[in-house]
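Data block below; observations after.
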Amino acid sequence: MMMVNWIGNFSFAGFLIVMGATGLERQKKLCVETSSFIYLCKQRMTNINQICRKFAEPNVNPLKGRVKLHWASNQTSGRSPSVHGSVRFLKIGFIAGNCDYLMGEPKRHRVLMVSDFFYPNFGGVENHIYYLSQCLLKLGHKVVVMTHAYGNRSGVRYMTGGLKVYYVPWKPFLMQNTLPTFYGTLPIIRTILIREKISLVHGHQAFSTLCHEALMHARTMGYKVVFTDHSLYGFADVGSIHMNKVLQFTLADVSQAICVSHTSKENTVLRSGLPPEKVFVIPNAVDTAMFKPATERPSGNEIVIVVISRLVYRKGADLLVEVIPEVCRIYPNVRFIVGGDGPKRVRLEEMREKHSLQDRVEMLGAVPHARVRSVLISGHIFLNSSLTEAFCIAILEAASCGLLTVSTRVGGVPEVLPDDMIVLAEPDPSDMVQAIKKAISILPKIDPQAMHNRMKKLYNWHDVAKRTEIVYDRALKCSNQSLLERLSRYLSCGAWAGKLFCLVMIIGFLLWRLLQVWQPAEDIEVVPDILLPHDEGREILQDFKSSKEGHSLR
């Protein structure tokens, strides 16, 4: 008969252990029949070591090694609850392992997100990693982030929802990227993978050095890897040629890849030579709970056009220098608010002085992400002048706040919003002025709240997480390959580059084997999972350190 032992002798908590001698089908049936709820029984075990030994006996627990000890609240006082009495019942959540068929839930992934770009830095990649990680945590997966140190932010930090972040002690070298070392990061990446019992590595952004090295070492150690490309690159200039060859090296042995738009997918496939069937398109999303329209729309005859962007060449800052004076000349009631900083800010300041537009062009400088909404809701139109964009999350944030968007027709921007929510223009000053004229003419027809409601249906981070979950499932189903089979992929990367890539991978493989001898995996302490409850009411249970025994239960 199925038996559930209640472990007493704790002031405010207890352990729940599922044990039985009737096989897996009986246990599965019980879980289904009781709708994943069980009762606490009278029997007590007060000794932690006794519990662990009992739990490990094969004749007692057919799920040995596949079900974790669970920590759950237990508010009974003094008396053991009776199966037949009035009992408070608790939900059992089976956390890691191969028993995912229990309770009909999918396999729980243990994901390491890797990129040079993460908080406290702000940007599209940083937001994507953060929101995706939070939603994956809510789906019951374990997510750990690895990035480089930011200032004095080094070591292990915990963020909202129990998101664990490793700020490894590497300082940025150029444009927030760490210095390429090839093998310098191997020991710490291996340690993190073992300590956190990672099953899959997910790298972000093509020009992240840390991402490329993590994916390379993860494949050497036999882990499945997924790569997300967030940007578009050319094919002619020296920088793009170099980056494309590095991407070809990294993606030669990747399990699956993700792009944020169909344009980005075409670009990535052409640059890397990756088979199109291994590349999935999953767009970015927006936190519509954070980006809401103002309760009252800005009144008066004045029309406010908002620009929030890094003031660099790639974001079209030079276009703004020519567009803003012309729009101000045509429409005396138009005012601009420009948020952002960068090397091109000087040109905008000079333009404002030259045309005497100090009272009509407000320069805010760098805008913290927490203040972006307050800037957006003060305007009517959002202007994006980028020269290249794979997706552009800023457009989603503006539309969610109820602003009509005017944008250059580049990259994946035409895929982002429906035609009645955006006015597109070629990256040319005169064409952009005409697009702004059109936007001003249709502005009275725009309902900010209706636009916000549409955005809630169109873009949702929970949907992005569920689609990413499918990609993870596909990646884990990929067959394992030997070193020789993997080297054949690198040889196809070019006459000379292929041989060089093979040499890099062989040296990495030998160094990994050396590390296995020097520091065996058994000597690396596995950290206990700390999972916090989520809004869905799901019982997420945590391992903890027993003050009685001085051991961590895993």
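The values are calculated or read from the model by the stated rules, or taken from the named source; none is laboratory data. Quantities reported herein were computed from a predicted structural model and do not represent experimental measurements. FYI the Cβ positions are ideal-geometry reconstructions off the backbone, even for glycines, and counts take in every protein chain you see. These accessible areas exclude ligands, DNA and RNA; they are computed on the full protein's heavy atoms, side chains included. Shrake-Rupley method; radii C 1.70, N 1.55, O 1.52, S 1.80 Å.
Of the residues Ile422, Phe391, Pro368, the one whose Cα sits farthest toward the positive end of the charge dipole of segment 303-459, with +1 on the Cβ of Lys and Arg and -1 on the Cβ of Asp and Glu, is Pro368.
On a full-extension model of 0.36 nm per residue, what is the gain between Ile470 and Tyr158, subtracting their alpha-carbon distance, rounded to one decimal in nm?
On the way: separation 312, 0.36 × 312 = 112.32 nm, distance 2.64 nm.
Gain in length upon complete extension: 109.7 nm.
Near Glu196: Cβ cut-off under 10 Å, other residues only, Lys/Arg at +1 and Asp/Glu at -1. The net charge is +4.
Sort segment 283-420 into rounded, prolate or oblate with this rule: let a ≥ b ≥ c be the square roots of the eigenvalues of the Cα gyration tensor; rounded if a/c is under 1.5, and if a/c is not under 1.5, prolate when a/b is larger than b/c, oblate otherwise. Let's see the in-between values first.
Working: a/c = 1.59, a/b = 1.22, b/c = 1.31.
Cα axes put segment 283-420 in the oblate bin.
Across Leu193, Leu503, the residue with the most accessible area heads the list, and the full order at a 1.4 Å probe is Leu503, Leu193.
Please compute the net charge surrounding Lys315, taking Lys and Arg as +1 and Asp and Glu as -1 over other residues with Cβ under 14 Å from its Cβ.
Values: positive: Arg310, Arg314, Lys344, Arg345, Arg347; negative: Asp318, Asp341, Glu389.
Neighbour charge sum, excluding Lys315 itself: +2.
A simple count of charges around Cys502, restricted to other residues whose Cβ falls under 11 Å of its Cβ and scoring Lys, Arg +1 and Asp, Glu -1, yields +3. Given a cut-off of 23 Å, name the pairs among Lys107/Lys278; Lys245/Lys344; Lys107/Lys138; Lys142/Lys224; Lys437/Lys457; Lys197/Lys477 whose C-alpha atoms lie farther apart than that in the structure shown. Pairs exceeding the cut-off: Lys245/Lys344; Lys437/Lys457.
Rounded to the nearest Hz, the phi-derived 3J(HN,Hα) couplings of segment 227-234 under the Karplus curve 6.51 cos²θ - 1.76 cosθ + 1.60 (θ = phi - 60°) are 10, 10, 9, 10, 9, 10, 10, x, where x marks glycine and proline. Approximating the spin labels as points 7 Å out from Cα along Cα→Cβ, the Gln434-to-Cys478 distance works out to 4.6 nm.
Which value, in Å², gives the accessible area per residue of segment 303-459 when a 1.4 Å probe is used on the protein heavy atoms?
On the way: 6400 Å² over 157 residues.
Normalised by residue count, the accessible surface of segment 303-459 is 41 Å².
The heavy atoms of Lys499 present about 130 square angstrom of accessible area, all protein chains included, probe 1.4 Å. Ordered from largest to smallest accessible area (heavy atoms of protein chains, 1.4 Å probe), the residues Phe117, Phe173, Phe122, Phe509 come out as Phe173, Phe122, Phe509, Phe117. Counting only protein heavy atoms and using a 1.4 Å probe, the accessible area of Glu266 comes to about 120 Å².
Given +1 at the Cβ of Lys and Arg, -1 at the Cβ of Asp and Glu and no other charges, the dipole of segment 303-459 around its Cα centre is 360 debye to the nearest 20.
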